[in-house]
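Each remark here refers to the structure printed beneath this line.
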Amino acid sequence: MTSVYSIYTGRVTNWILVSLSAVLLVPLLIGSKASMLTFPVLLATAAALVNVLCGSSVRTAAGPNGVTVRLGVLGWPRRTYRIEQIRHAEVITIHPWSVAYGFWWAPLRTSFTVRTGPTLRLTLTTGRKVTITVPDAPAAVAVIREAIGA
């Protein structure tokens, strides 16, 4: 007998963050002449580029193999959580005062977030909490719970 599993995929882009980075980046690139390229200008330009390339969107795939998360245009950083590593999946709400934009790592928490609102939260077997911005958090949770048999 063949088993059929659901697969969830989604992408969320924070267009406000992309626009803000572009607004900051364009004057730096246009206004800086070769003789005016100072360390602060180069640092600000590099930070804006990294933000656009690596921190402006989150792509997520979930299914019987686990959850894979990729950030930004380049899909880096990338992280996969095997289904055996996931103890629980739930929908939480991220409020504007508590969102950490982009990729954040702490000893017991990891965040891949680019906006506020309903968000996927995984609790791993190690106790680590992983927060991931997805377009449809309830659908992602349903697929993960189906895969772990909960």
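The values are calculated or read from the model by the stated rules, or taken from the named source; none is laboratory data. Since the structure is predicted, the reported quantities are computational estimates derived from the model, not experimental observations. Using ideal geometry, Cβ is built from the backbone for each residue, glycine included, and neighbour counts are taken over all protein chains shown.
Remarks
- Pro138, sole failed condition from (1) over 18 Å from Thr9 (Cβ atoms); (2) exposed (fewer than 14 other Cβ atoms within 10 Å of the Cβ): (1)
- Trp104 vs. criteria under 17 Å from Ser57 (Cα atoms), part of a loop (DSSP other than H, G, I, E, B) and among the hydrophobic types (A, V, I, L, M, F, W, C): no
- Residue list for the stretch 122-150, filter: touching a helix residue (DSSP H, G or I) at 6+ places or on another chain (Cβ under 9 Å) and either more than 22 Å from Cys54 (Cβ to Cβ) or acidic (Asp, Glu) (or both): Leu124, Thr125, Thr126, Ile144, Ala147, Ile148, Ala150
- Within the stretch 136-150, residues that are closer than 18 Å to Arg82 by Cα reach partners that are surrounded by fewer than 16 Cβ atoms within 10 Å (Cβ to Cβ) and acidic (Asp, Glu) with beta carbons closer than 7 Å, at six or more positions or on different chains, in the pairs Val141/Glu90.
- Of all residues in the stretch 47-76, those that are over 21 Å from Thr116 (Cα atoms) have Cβ atoms under 8 Å from Cβ atoms of residues that are of a type in the set (Phe, Trp, Tyr) and surrounded by fewer than 20 Cβ atoms within 10 Å (Cβ to Cβ), 6 or more apart or on another chain, in Gly63/Tyr5; Pro64/Tyr5.
- Evaluation of Pro135 against (1) modelled with pLDDT of 95 or more; (2) over 15 Å from the mean Cα position of the chain (by Cα); (3) closer than 17 Å to Thr60 by Cβ (one fails), failing number: (2)
- All conditions in (1) modelled with pLDDT under 85; (2) not in a helix (DSSP H, G or I) hold for Glu90, with the sole exception of (1).
- Flag: Thr110 does not match the condition of being within 28 Å of Val50 (Cα to Cα), at pLDDT 95 or above and either of a type in the set (Gly, Ala, Ser) or within 15 Å of the chain's Cα centre (by Cα) (or both).
- Which numbered condition Pro96 fails, given (1) closer than 13 Å to Val58 by Cα; (2) not in a strand (DSSP E or B): (1)
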